[in-house]
Amino acid sequence: IAQGEPTSLAWVDCRLWMTDGSDVSSWMPGDGEPRISPDVTGLVVAAASDGSLLWLLQPDGALLVSEAGAAWSAAGSLPEAAYLAASPDALYAVTPESVYVVPAESRQVIPAP
């Protein structure tokens, strides 16, 4: 179902979200082919464990958040990130030198102590 090599996958609201380092697409059972999101690009995508939020790191370091991928809003920026993980309360971004926490409510990037 992927158009290229996916760099990350996330499951939100019965839909699989994937990115290949540039395009962001989604697919659900019954879809013939993935749907490419036309106005967004991404390197890494992560979903809250309860499926409430979808997070996306763009190639320029901008971090976006969405509820079910319907509309994206800014949530700060990161210098770089190797991995993203999300819970219902926060996004955790791991870089080679640090860990950042982005609380779901404030959506402000905070370096972890």
### Query
In the chain, what percent of the accessible surface is made up of carbon and sulfur (1.4 Å probe, ligands and nucleic acids excluded)?
53
### Query
Of (1) 0.99; (2) 1.09; (3) 1.20, which one was derived for Cα Rg over 2.2 N^0.38 Å from the structure shown?
(1)
### Query
What FRET efficiency do you get for Ser49 and Thr95 if R0 is 30 Å and r is their Cβ-Cβ distance, rounded to the nearest 0.05?
0.90
### Task
At 1.4 Å probe size, with every protein chain present, just tell me what the per residue accessible area of the chain comes to in Å².
54
### Summary
Taking a ≥ b ≥ c as the square roots of the Cα gyration tensor eigenvalues, with a/c under 1.5 meaning rounded and otherwise prolate when a/b beats b/c or oblate if not, the stretch 1-64 comes out oblate
### Task
Rank by packing, highest mean first: peptides 31-39, 74-82, with packing defined as the count of other Cβ atoms within 10 Å averaged across residues.
74-82, 31-39
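The values are calculated or read from the model by the stated rules, or taken from the named source; none is laboratory data. Everything numeric here is computed off the predicted structure, so don't read it as measured data. All Cβ positions, even for glycine, are placed from backbone atoms using ideal geometry, and neighbour counts span all protein chains on display. Each accessible area value is taken on the protein alone, full model and side chains, heavy atoms only, with ligands, DNA and RNA left out. Shrake-Rupley method; radii C 1.70, N 1.55, O 1.52, S 1.80 Å.
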